[in-house]
Amino acid sequence: MRIVLTSIVMMLTLSAFGQDNDSLEVDKEQNIQNVTITSRRAGTKRVAGPANAVLIGREELFKAACCNLGESFTTNPSVDVNYSDAATGAKQIKLLGLSGTYVQMLTENLPNFRGAAAPYALDYVPGPWMNSIQVSKGSSSVRNGYESITGQIDIEYLKPDNDEGVTVNLYGNTMSRVEANADGNIHLDDKLSTEVLAHYQDDFGHHDQNDDGFLDQPNVRQWNLQNRWKWKGEHYMFHGGISMVKEKRGGGQTHHTAPSAHRLYEIGVETDRYDGYMKHAFILDAEHGTNIAVMGNASMHLLDANYGDKHYSVNQKNAYAQLLFETNFTKEHNLSAGLSLNHDYLTHDDKETTPGAYAQYTYNLNDKVVAMAGVRADHSSRYGTFVTPRFHLKLMPNEIVNLRLSAGKGYRTVHALAENNNLLASGRQLVVDDLEQEQAWNYGLSSSFYIPLFGKTLKLNAEYYHTHFSQQAVVDYDSNASQIRITNLDGKSYSNTVQVDATYPIVKGLELTAAWRWNDVKCTYGGELKEKPLTSRYKGLVTASYKTPLGLWQFDATLQLNGGGRMPTPVDGLWGERFHAYEQVSAQITRWFRHFSVYIGGENLTGFRQKQSIINAEDPWSSTFDPTMVWGPVQGAMLYAGIRVNFGRL
């Protein structure tokens, strides 16, 4: 890996002497034959609709290595990605201070990665495959279902009808991880195109930086393949594809563990996942935006896991279908209505079929006033009929100010063991009660300001969100020292989140973003209202991005400050009552060429890591062994390097 890093550094250095040749082609008479005009597109932009949503484009994704979805939010002030434990490599998103299970995951507007896929889903979407990510906060449109409570994350993949060509991305880091990604598409005629996406990942190192006898990260080997098709006619469009993921991850004690351990504590998780999707759109009246769409997806997720002497396996099957009708009566009035059907099968005792119907009306007065009201009714085979109302309002009195209000309810069926199977790595007994359907209200207020300042635009954003649960599946570490119990809420549970952020182009090519977020997240544990454990009280973020005038060099840096928080109730003094604040720095340098780019960078360059990420690591077979008490980084500084090559048409 050091040889790879050194080679790419040399390439970056030597290329500086010839950078003009990549923008101009000059003949012997000095006549300019080709001129490349470069402009910088915003990497993150606010979506114009009534919902509070931002679109993260490839420009933003390229500011970091973005090996997968879980590593794509480094520069985003709203979304946190943390390890769920220090042994399996499971990660979770946090939005509005709450777990990622309350964020509805979508792939191109279709619900995805449910149930058993949740603990490791962030690793199933390779970064080079993504065209964009849309992050919506608060209650969202009823069109995509009833599950969104704190927001939605919708992933858009590269499209088959993009410019023809083949792109390859190679990556390696100092933690013994290598990756190879490739995407290629062919236009079979002017209407039909196809695309193949391929990914290979291998984490082959055995790193134990804190010498606790356990791997800092599991060894992961993943194969990921997807084939997509698109047909576009004047009145009909088809989009569909299939994909598969095969992954093996192994962690636990190293072979250099102290001799006192009579047997190694090992973790092994094998996953086979198969997906298919299709979309049919019938354009009835293009002038009034009248169309009918039929779309759906299906998946099978096979997981076989061993956590020490505990075993868990599941074969989850999911199918989703939707019939959608949409029309604009006039320029101001839009109606969307449809039917949906969702089916989940994990075991004979854990299955659910839910048909539903919805209607949503949008009033748009020249984009100055936009109001969207929607309601849906669903009938669960487990919980009966329930109704989901949601409302959004956007006010734009002038070009400087945007105000948004939202209110809505969300529901969620809990597949507790499937979604939290990584908790079996703990020495504590995992107890799951008979759980009710989760229910929560979310209210939001956000404001955006675009202020002219010194010939440029200062972008300011301020927002407040409140989430209140009436029913919740609570992961309780506090009530019983020998158990982790997933039980029904008995008392209050809520979160308050306040965020302020600003973006300003300091000089030409240099953009600076600063953000601050405060979280007040509390829940009732054992009859007492407490801070949610392992959750930072605040987060500060500063990002700087500079691109040279010709667009050949790019420099990106991010500073994060993560606030302290509460630890679960200590057992026998094995850990403290609170964890402290910590900072992280990441940086990347990219050199752009005509048909390829090379990049080097580093993550967690401050080298900070949680000193005791695994409780009682010296006795993994005891009831006090626990790798799930993770609040900070489990690895130190890491350097990486990579190359992206666009071969064009082959």
Notebook entry, point to check: Cα centroids of segment 577-650 and segment 390-425: how far apart, whole angstrom?
Noted result: 28
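Calculate the translational D of segment 314-445 in whole µm² s⁻¹ from Stokes-Einstein, where the hydrodynamic radius comes from the Kirkwood formula applied to all Cα pairs, the temperature is 10 °C and the viscosity 1.306 mPa s. Don't skip to the answer; put the middle values down first.
Working: Rh = 17.8 Å.
My calculation gives 89 µm²/s for D.
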Next item on the list: Mind running the shape call on segment 499-650? Use the C-alpha gyration tensor, a ≥ b ≥ c as the square roots of the eigenvalues: rounded below 1.5 for a/c, prolate if a/b tops b/c, oblate otherwise.
Entry: prolate
Notebook entry, point to check: If amide H atoms are built 1.01 Å from N in the plane of the peptide, which residues on other chains or at least 5 residues away come under 5 Å of the amide H of residue 84?
Noted result: 90, 91, 92
Checklist line | Accessible area (Å², per residue) of segment 461-565, counting only protein heavy atoms and a probe of 1.4 Å | finding: 40
Check: For residue 210, what is the net charge nearby, where nearby means another residue's Cβ is under 12 Å from its Cβ and Lys, Arg count +1, Asp, Glu -1?
Finding: -2
Notebook entry, point to check: Quick one: putting +1 on the C-beta of Lys and Arg, -1 on the C-beta of Asp and Glu, what dipole do you get for segment 98-212 around its Cα centre, in Debye to the nearest 20?
Noted result: 540
Next item on the list: Mind scanning 45/459; 409/532; 137/230; 94/159; 91/248; 331/394 and naming the pairs with a C-alpha gap bigger than 20 Å?
Entry: 409/532; 137/230; 94/159
Next item on the list: Would you kindly derive the ³J(HN,Hα) couplings of segment 96-108 from the backbone phi angles with the Karplus curve 6.51 cos²θ - 1.76 cosθ + 1.60 (θ = phi - 60°), listing them in order in whole Hz, with x for Gly and Pro?
Entry: 6, x, 10, 4, x, 5, 8, 9, 7, 8, 10, 10, 6
Notebook entry, point to check: Relative contact order (percent) for segment 552-650, with alpha-carbon contacts under 8 angstrom and 6 or more residues of separation?
Noted result: 26
Notebook entry, point to check: In whole percent, what relative contact order does segment 207-292 give with Cα contacts below 8 Å and a gap of six or more residues?
Noted result: 28
Check: By its C-alpha gyration tensor, with a ≥ b ≥ c as the square roots of the eigenvalues, how is segment 109-262 shaped: rounded for a/c under 1.5, else prolate for a/b larger than b/c, else oblate?
Finding: oblate
Next item on the list: Mind checking which aspartates and glutamates have their Cα closer than 12 Å to the Cα of residue 232? Skip sequence neighbours fewer than 8 apart in that chain.
Entry: 161, 189, 190
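Per residue, how many Å² of accessible area does segment 59-106 show with a 1.4 Å probe?
Values: 860 Å² over 48 residues.
In whole numbers, segment 59-106 has 18 Å² accessible per residue.
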Checklist line | Peptide ranges 464-471, 89-96, 414-421 listed from the most packed, as the mean C-beta count within 10 angstrom indicates | finding: 89-96, 414-421, 464-471
Margin query: Which aspartates and glutamates, if any, have their Cα less than 16 Å from the Cα of residue 530, not counting same-chain residues under 8 positions apart?
Written below: 476, 478, 490, 520, 577
Margin query: With a cut-off of 8 Å between alpha carbons and a minimum separation of six or more residues, what is the relative contact order of the chain in percent?
Written below: 12
Checklist line | Most positive-pole-ward Cα, 99, 62, 193, against dipole of the chain from beta carbon charges | finding: 62
Checklist line | Charge context of residue 289, other residues only, Cβ under 12 angstrom, K/R +1, D/E -1 | finding: -2
Next item on the list: Pull up the cross-link candidates among the aspartates and glutamates for residue 246, meaning alpha carbon to alpha carbon under 17 Å and not fewer than 8 places away within one chain.
Entry: 123, 179, 202, 203, 270, 272, 275, 304
Notebook entry, point to check: From the square roots a ≥ b ≥ c of the eigenvalues of the alpha-carbon gyration tensor of segment 368-457, which class results: rounded (a/c under 1.5), prolate (a/b over b/c), or oblate?
Noted result: oblate
Next item on the list: With a 1.4 Å probe and every protein chain kept in, tell me what percent of the accessible surface of segment 179-260 is carbon plus sulfur.
Entry: 60
Next item on the list: Of all alpha-carbon pairs in the chain, indicate the percentage at a distance above 49 angstrom.
Entry: 11
Next item on the list: Please work out how much length the chain gains when fully extended from residue 574 to residue 480, using 0.36 nm per residue of separation minus the C-alpha to C-alpha distance, in nm with one decimal.
Entry: 32.3 nm
Notebook entry, point to check: From the backbone phi of segment 117-124, what are the Karplus-calculated ³J(HN,Hα) couplings (6.51 cos²θ - 1.76 cosθ + 1.60, θ = phi - 60°) in whole Hz, Gly and Pro given as x?
Noted result: 6, 4, x, 10, 4, 5, 8, 8
Next item on the list: Could you check how much of the accessible area of segment 522-572 is carbon and sulfur, as a whole percent, using a 1.4 Å probe?
Entry: 59
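Counting only other residues whose beta carbon sits under 10 Å from that of residue 439, what net charge do I get with K and R as +1, D and E as -1?
Result for the neighbourhood of residue 439: 0.
The values are calculated or read from the model by the stated rules, or taken from the named source; none is laboratory data. Model, not experiment: these values are computed from the prediction. FYI the Cβ positions are ideal-geometry reconstructions off the backbone, even for glycines, and counts take in every protein chain you see. Accessible surface areas use protein heavy atoms only, side chains included; no ligands, DNA or RNA. Shrake-Rupley method; radii C 1.70, N 1.55, O 1.52, S 1.80 Å.
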